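Working notes, beginning with the structure itself.
The values are calculated or read from the model by the stated rules, or taken from the named source; none is laboratory data. The structure presented is a predicted model; accordingly, all values stated were derived computationally and were not measured. For neighbour counting, all protein chains shown are included, and Cβ atoms are generated from backbone atoms with ideal geometry for every residue, glycine included.
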Amino acid sequence: MSPLFLLLFSSNKFQLLLFMVLCGLQGTTRLPVFSMDGDYVIGGVFSIHHYIHTVEHNYTTLPEPLRCTGSIISRELRFSRAMIFAIEEINNSTKLLPGIRLGYQIHDACASVVMAVHVAFQLSNGLDPVFYTGDNCSQSGTVMAIIGESGSTPSISMSRVIGPFNIPQVSHFATCACLSNKQEYPSFFRTIPSDQFQADALAKLVKHFGWTWIGAVRSDSDYGNNGMASFLDAAHKEGICVEYSESFYRTDPHNKIQKVADVIRRSTAMVVVAFVSVGDMRILLEELSQEPSPHRQWIGSESWVTDADMLRFTFCAGTIGFGIQQSVILGLRDFLLDLSPTEVAESPVLTEFWEDAFKSTDKSACDGTEDIKKLKSPYTDTSQLRITNMVYKAVYAIAHAIHNAVCQKTNSTTHCDKLTMTESKQKVNFSQNGYDVSFDANGDPVARYELVNWQKSKSGSIELVTVGLYDASLPVGQEFHINKNLTWVENSTQVPSSVCSDSCPPGTRKVLQKGKPICCYDCVRCPEGEISNATDSPDCFPCPKEFWPNAERNICFPKPVEFLSYNEVLGIILAAFSVGGACLAVITAAVFFRHRTSPIVRANNSELSFLLLFSLTLCFLCSLTFIGTPSEWSCMLRHTAFGITFVLCISCVLGKTIVVLMAFKATLPGSNVMKWFGPPQQRMTVVSFTFIQVLICTIWLVLSPPFPMKNLTIYKERIILECALGSAVGFWAVLGYIGLLAVFCFVLAVLARKLPDNFNEAKLITFSMLIFCAVWITFIPAYVSSPGKFTVAVEIFAILASSFGLILCIFAPKCFIILFKPEKNTKKHLMNKNQY
């Protein structure tokens, strides 16, 4: 373990140094409240009284001596008596400092820096008015070490006074982290952990219970200011926000205390962390008890949270905080209660304590016969010795340091020489009362705390219950352990909530409120296409391209893939019309084949008619390739099959139109046109026109064929599975060639529409081409503007509409005559130019 450096000097050196620095006693000597001579004297400084008497300076006469006032702090009196108990226990020991008697000088600092400094000077100087220069002299005037003070601010002032003399100061209750600075306080040590450990523990405690919005109050002293600064720094790292941070001191005007109480009452933070000394906290709670105020969950520092006198504030039930580990000191209670009337009468402090303790139970004057064993007071309460044990360990630490310096063990005998001390630095590492005592390089012990909880008993009083432990020496994340149920504010078993803003659920993100701490925020729903899957997420993040958020926007699901399917109504309807159209073409072909020898069939070029019906059947069926999941083959087939079959269809219609025109010219005298456009030429015409389309489609497929693709741009929330054109030039070349043939056919049909035949097929072709052109002209804007699967539906509709237009306009009248008007299916009727 790291050492407690205790600089011990020989008596000659020590007295010579004091003689050189302090030539004589100045001012009025303040007598100790308890004292005993010894070979080595240990000083003690405790705040036995609350206040120091205010001295008025008129600068004409010497001010009156400093004196304490106010009521006695029973716990501090117990500390001083525990120091005496430990010294007497050591003096009676045969193992520790055998043959050496320790003495003590215990002073009351009145919780005042001024008095603490005065006492420090006096302990450094000694009480003897004459300095001895001889070699053989008593060391009763030499204070070897000082225990105290209870507060950090008085301890700092004392350390600055006694530090230059290398007089060790071991505090039992000064916890300010600033005192760990060995450059400023080289001779300061303590048996209580530094506030730095407590501040970290408190921040982890607040974080553990999910409190992010707290209030903070502190003593306006080194203890409170430094402790709260450490806590706020640790809390900031844990993401905890502070609504307010107020400071005060017990001697502040009442309106200042009242202001702090009003801030607590008006605040929205449910949890209040109080880094306050016990005297200051008593003043604040007394002020808060004056007017009913909203209940608050108090988090206390070790200074006040384990003070038995504070348990009388029942409205603070549920308070939790860290306390020094409790212990049992055998024999201490009997020693505290062993106050004889003579001993009380000889000590002004004990007399005052006795009178204050029994005045409430007996209105008559105290005569010393009262039974102190029946007294319920912090002085007599040894059920949870915490800070008292720190005093006990401090005495033993000093005793062990002296023992290591002046005693030597020879065989089984320990010999101590009290007159020949040499300068040395001694390590202190021992076990006492079941606890290990050691100090690190900063003079601090290992930090261990108990987590305590103020719980209401069945009788309605408040009890201090240990519910957990905190050990800073354990690995990170394992220091904190709760082993019992806690009771919260208003005797609730549920952890209270203390947040500025409720947690933002998944699917939202935090947006800080302007001008407020980071714990105050609004919950904003994630934008479209983004999610947050954690509580209190600061940001939303977008889903991958092929994913989309659910309704709550906390999970990314795969986007539904959409295409024109056989399973949906639109797909079924279009497929039904497609199959129906193909069946209609086949039925028409069957009718024509059945009546192939009839005049009306023979007169309308039966070969081209059958080829036209075959191409129309393919046109109807090719629309089926547009329905279903697009694949590489279906994408190439649908456009090329559509282009080739429609060119074949238009080529047949064009051939029939040319035949009509040629037939009319053949009726003119001397005309020999039909021999130039007979069946071979008709077949060649159809093949030639179709071959050009086949060539266009081949070039398209070779250079940049259509391919299946996932369209992610049309709809954000779903994927459109469609066929990309590959080459738009190829697609529009196919459509353009079909349109060119259709327009050419339409023009020829218009020219032949008034020919004088009774059954002029050119009229029917004109109507069919008019419908065909109208459909495909309207198709272009509809195709461009239709989104997703409706693009495919528009294309199928155009194919079916134009195909139905051709078959109905060209073949329906003929089938009607064949089936229902057979009397008109004669050569005579067909040649009659006046009837139709």
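Couple of notes before you dig in:
- Hey, Arg266 assigned by TED's automatic domain parsing to the domain that holds Gly227, within 32 Å of the chain's Cα centre (by Cα), over 22 Å from Leu202 (Cα atoms) and not polar (S, T, N, Q) or not: yes
- Where a residue in the stretch 773-799 is touching a residue at least 24 places away in the same chain (Cβ under 8 Å) and its partner, wherever it lies, is surrounded by 19 or more Cβ atoms within 10 Å (Cβ to Cβ) and of a type in the set (Val, Ile, Thr), with Cβ under 8 Å and at least six apart: Trp776/Ile738; Pro787/Ile720; Gly788/Ile720; Lys789/Ile720; Val792/Ile627; Ile796/Ile627
- Selection count where residues are of a type in the set (Asp, Glu), surrounded by fewer than 17 Cβ atoms within 10 Å (Cβ to Cβ) and modelled with pLDDT of 65 or more, scope the stretch 107-152: 0
- Applying the set (1) of a type in the set (Ser, Thr, Tyr); (2) buried (at least 24 other Cβ atoms within 10 Å of the Cβ); (3) under 30 Å from Ile398 (Cβ atoms) to Thr212 leaves exactly one unmet item: (3).
- Residue in the stretch 528-548 that is of a type in the set (Lys, Arg) and outside any loop (DSSP other than H, G, I, E, B) present: no
- Whichever residue in the stretch 57-83 is among the β-branched types (Val, Ile, Thr) and in contact (Cβ under 8 Å) with a residue 60 or more places away in the chain and, among such residues, is nearest to Phe353 (Cα to Cα): Ile72
- Filter result for Val489 (without any contact (Cβ under 8 Å) to a residue 12 or more places away in the chain and under 23 Å from Glu302 (Cα atoms)): no
- Flag for Ser171 being under 24 Å from Ser431 (Cβ atoms) and crowded, with 24+ Cβ neighbours inside 10 Å: yes
- Odd one out for His236 among (1) assigned by TED's automatic domain parsing to the domain that holds Ala472; (2) touching a residue at least 12 places away in the same chain (Cβ under 8 Å): (2)
- Whichever residue in the stretch 593-623 is polar (S, T, N, Q) and modelled with pLDDT under 85 and, among such residues, is nearest to Cys652 (Cα to Cα): Ser609
- Condition check for Val495: under 15 Å from the mean Cα position of the chain (by Cα), under 22 Å from Cys241 (Cα atoms) and in contact (Cβ under 8 Å) with a residue 12 or more places away in the chain: no
- Elements of type strands (runs of 3 or more DSSP E) contained in the stretch 331-432, each with 1 or more residues being touching a Pro at 6+ places or on another chain (Cβ under 7 Å) and at pLDDT below 90: 413-416
- Scanning the stretch 35-51 for residues that are in a strand (DSSP E or B) and out of contact with any strand residue (DSSP E or B) (no Cβ under 6 Å at 6 or more places or on another chain) gives a single hit, Phe46.
- Among helices (runs of 4 or more DSSP H) entirely within the stretch 738-836, having at least 2 residues that are over 28 Å from Cys583 (Cα atoms), of a type in the set (D, E, K, R) and modelled with pLDDT under 75 singles out 827-831.
- Residue check, Phe248 surrounded by 15 or more Cβ atoms within 10 Å (Cβ to Cβ), over 21 Å from Trp454 (Cβ atoms) and aromatic (Phe, Trp, Tyr): yes
- Phe626 at pLDDT 75 or above, under 30 Å from Glu568 (Cβ atoms) and not basic (Lys, Arg): yes
- Residue that is surrounded by the fewest Cβ atoms within 10 Å (Cβ to Cβ), among those in the stretch 65-91 that are within 15 Å of Arg386 (Cβ to Cβ) and basic (Lys, Arg): Arg75
- Once the stretch 581-607 is narrowed to residues that are in a helix (DSSP H, G or I) and without any contact (Cβ under 8 Å) to a residue 12 or more places away in the chain, the residue that is nearest to Ser532 (Cα to Cα) is Cys583.
- Among the residues of the stretch 513-526, just one is touching a Lys or Arg at 6+ places or on another chain (Cβ under 9 Å), over 17 Å from Thr212 (Cα atoms) and part of a loop (DSSP other than H, G, I, E, B), namely Cys526.
- Residue list for the stretch 542-567, restricted to those being loosely packed, with under 13 Cβ neighbours inside 10 Å and over 30 Å from Phe626 (Cβ atoms): Asn550, Ala551
- Single residue of the stretch 493-529 satisfying the filter (β-branched (Val, Ile, Thr) and farther than 30 Å from Ser293 by Cβ) that is surrounded by the most Cβ atoms within 10 Å (Cβ to Cβ): Thr508
- From the list Ser615, Ser623, Ser532, the lone residue that is hydroxyl-bearing (Ser, Thr, Tyr), closer than 28 Å to Ile720 by Cβ, buried (at least 22 other Cβ atoms within 10 Å of the Cβ) and touching a Leu at 6+ places or on another chain (Cβ under 7 Å) is Ser623.
- Some residue of the stretch 184-198 being under 24 Å from Val499 (Cα atoms) and within 31 Å of the chain's Cα centre (by Cα): yes
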